[in-house]
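Notes follow the structure.
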Amino acid sequence: MACNKKIYNELSLKFVKNNVQLVAVSKLKPIEDILEMYDLGQRDFGENYVQELLDKVHKIDKDIRWHFIGHLQTNKVKQIVKFVYLIQSVDSLKLLKEIDKQCLINNICVKCLIQIFIASEETKYGLSEAELDEIMTLYKQGIFKNVEIIGVMGMASFSSDLQKVRDEFKQLKSIANKYAELKVISMGMSQDFEIAIDEGSNMVRIGSMLFGKR
Ligand SMILES: *Cc1c(COP(=O)(O)O)cnc(C)c1O
């Protein structure tokens, strides 16, 4: 058993009750693990790496909604736009413009989340509130015709200071509240999803707790 069936069933029940969408993060995990969870009813899977995503998309012929959650290089956008349901990790205006451009070429519209930097660590990608404001101003002007911005994504600090983690999630939620368009609040991973849900998350991205450690 590669995915933890018992934990999956417990968690998915709890998320349904709370109106929280579960994205099962399958990065670095084999296709068999994904299929096993698919058979339990899971349809949303998250991947971090372009090549790995493409590989899985081409090998798995199922109605899976693929979420891209890793740092996305502008020059790789064209490879994935046709296959993704939601790009959660839009972390620059340049990237958003490229997604819009590639979607136009393919005559599609892709849903996006803007990744906001809320942690205190320097290694995490994401935009500031001011940069989000700039993007939303352009978005409302109708500059981007082939992307739909539906929310925000953020990662809290890897910290044992739970109050700090809570404050970071609170901050993301309050930033999103400024814009009616930003309905999806993607926050919470294996180690902090309960706090995230407490603070208003409606989408969690969980990997190791479901599939075991990577
Ligand atoms: C890997 C990853 C996750 C899942 O992390 P776990 O700790 O394994 O639950 C969630 N979000 C992003 C952006 C990730 O890169």
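The values are calculated or read from the model by the stated rules, or taken from the named source; none is laboratory data. Just so you know, these numbers come straight off a predicted model, no measurement behind them. Reconstructed Cβ throughout: ideal geometry from the backbone, glycine too, with neighbour counts over all protein chains shown.
Going through ASP44, ASP63 one at a time, which residue ends up being within 15 Å of the ligand (Cβ to nearest atom) and either within 15 Å of the chain's Cα centre (by Cα) or in contact (Cβ under 8 Å) with a residue 12 or more places away in the chain (or both)?
Just a single option satisfies the conditions, and that option is ASP44.
Would you call GLU10 surrounded by 15 or more Cβ atoms within 10 Å (Cβ to Cβ) and more than 15 Å from the ligand (Cβ to nearest atom)?
It is false that GLU10 is surrounded by 15 or more Cβ atoms within 10 Å (Cβ to Cβ) and more than 15 Å from the ligand (Cβ to nearest atom).
Please identify the pairs in which a residue from the range 87-103 that is without any contact (Cβ under 8 Å) to a residue 40 or more places away in the chain has its Cβ atom under 8 Å from the Cβ atom of a residue that is within 15 Å of the ligand (Cβ to nearest atom) and aromatic (Phe, Trp, Tyr), counting only partners at least 6 apart or on another chain.
Listed by first residue and then by second, the contacts come to ILE87/PHE68; ASP91/TYR125.
Taking SER159 as meeting all but one of (1) more than 17 Å from the chain's Cα centre (by Cα); (2) within 12 Å of the ligand (Cβ to nearest atom), write down the number of the exception.
(2)
Considering the range 161-181 alone, what residues qualify as being closer than 14 Å to ASN202 by Cα and surrounded by 13 or more Cβ atoms within 10 Å (Cβ to Cβ)?
Scanning the range 161-181 gives PHE169, LYS170, LEU172, LYS173, ALA176.
Quick check on my filter: what residues within the range 195-214 are assigned to a loop (DSSP other than H, G, I, E, B) and either at pLDDT 95 or above or within 8 Å of the ligand (Cβ to nearest atom) (or both)?
GLU199, GLY200, SER201, ASN202, GLY207, LYS213, ARG214, listed by residue number.
Return the residues of the range 182-194 that are buried (at least 17 other Cβ atoms within 10 Å of the Cβ), away from the ligand (no atom under 13 Å from the Cβ) and more than 12 Å from the chain's Cα centre (by Cα); say none if nothing qualifies.
Within the range 182-194, just LEU182 meets the criteria.
Pick out the one residue from THR123, THR137 that is within 21 Å of LEU93 (Cα to Cα) and either hydrophobic (A, V, I, L, M, F, W, C) or within 19 Å of the chain's Cα centre (by Cα) (or both).
Only one candidate qualifies: THR123.
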